[in-house]
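K.L.:
First the structure, which I've put down as structure tokens, then a few questions once you've had a look.
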Amino acid sequence: MPEAFKTSATVAIISKPGRPELSEILPPLHQWLVARSYKVVADPESAQYFSPAEVVARGEMASRSPELALVLGGDGTLLSAARAVCGAGTLILGVNLGTLGFLTELALPDLYPALEAIEKGEYMVDSRAMLSVSWCGAGRGRHSHRVERCGDQ
């Protein structure tokens, strides 16, 4: 079983831009996290709805070494967040704000129970792999791409 989260852990909040429900979701979520002494960093899309301690562009998020990333949106937002924190060993909790999510399986009403389970160390980790590929083409320079594999195959 995984360890319980330390109360001083850094939690990143990453959201899908332009979702109107974020104005109702993010302020109380931020309060919940701060009341438990978590350090909160947020991407600029999320920071429009509350005042986090630190606003960090997604591309810089891994430099803050968050232990947990709360991703509110859909599968595209989750994949973007995964690319942003892939080098930091960050756990990602995807909350589905859309209608269909294969990767963002958690429904919004289950957010706080899931966070409480994470606090207690009562959660399971589903590991995903990401592969980065680079090659040099004759006379065409270096090319780099990231390949992502989701699920156990």
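K.L.:
Tally up the residues in the range 30-58 that are assigned to a helix (DSSP H, G or I) and β-branched (Val, Ile, Thr), please.
P.N.:
Residues that pass the stated criteria total 1.
K.L.:
Sticking with this one: Specify which of the listed residues (PRO17, PRO27) is open to solvent by 20 Å² or more (accessible area, probe 1.4 Å) and in a loop (DSSP other than H, G, I, E, B).
P.N.:
Within the list PRO17, PRO27, the selection yields PRO17.
K.L.:
Further, regarding this structure: Just need a number here: residues in the range 59-72 that are within 11 Å of the chain's Cα centre (by Cα) and either in a strand (DSSP E or B) or acidic (Asp, Glu) (or both).
P.N.:
Count: 6.
K.L.:
Somewhere in the range 40-50, is a residue of a type outside the set (A, V, I, L, M, F, W, C), open to solvent by 30 Å² or more (accessible area, probe 1.4 Å) and within 17 Å of GLU116 (Cβ to Cβ)?
P.N.:
Within the range 40-50 (the criterion being of a type outside the set (A, V, I, L, M, F, W, C), open to solvent by 30 Å² or more (accessible area, probe 1.4 Å) and within 17 Å of GLU116 (Cβ to Cβ)), the answer is no, since none of the residues qualifies.
K.L.:
Answer yes if at least one residue in the range 54-63 is in contact (Cβ under 8 Å) with a residue 40 or more places away in the chain and of a type outside the set (A, V, I, L, M), and no otherwise.
P.N.:
So far as the range 54-63 goes, yes, one or more of its residues are in contact (Cβ under 8 Å) with a residue 40 or more places away in the chain and of a type outside the set (A, V, I, L, M).
This table checks each residue for (1) over 23 Å from THR10 (Cβ atoms); (2) modelled with pLDDT of 70 or more.
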| residue | (1), (2) |
| --- | --- |
| GLY76 | yes, yes |
| GLY87 | no, yes |
| ILE92 | no, yes |
| PRO113 | no, yes |
| LYS120 | no, yes |
| MET124 | no, yes |
| SER127 | no, no |
| LEU131 | yes, no |
| HIS143 | yes, no |
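K.L.:
Sticking with this structure for a sec: Within the range 51-76, track down each residue that is in contact with a Leu (Cβ under 8 Å, 6 or more places away or on another chain) and either of a type in the set (S, T, N, Q) or open to solvent by 20 Å² or more (accessible area, probe 1.4 Å) (or both).
P.N.:
GLU67, ASP75
The values are calculated or read from the model by the stated rules, or taken from the named source; none is laboratory data. Worth saying up front: this structure is predicted, and the values here are computed from it rather than measured. Quick reminder, even Gly has a Cβ in these numbers, built from the backbone with ideal geometry, and neighbours come from all protein chains shown. In case anyone asks, the SASA skips ligands and DNA or RNA and just uses the protein heavy atoms, side chains included. Shrake-Rupley method; radii C 1.70, N 1.55, O 1.52, S 1.80 Å.
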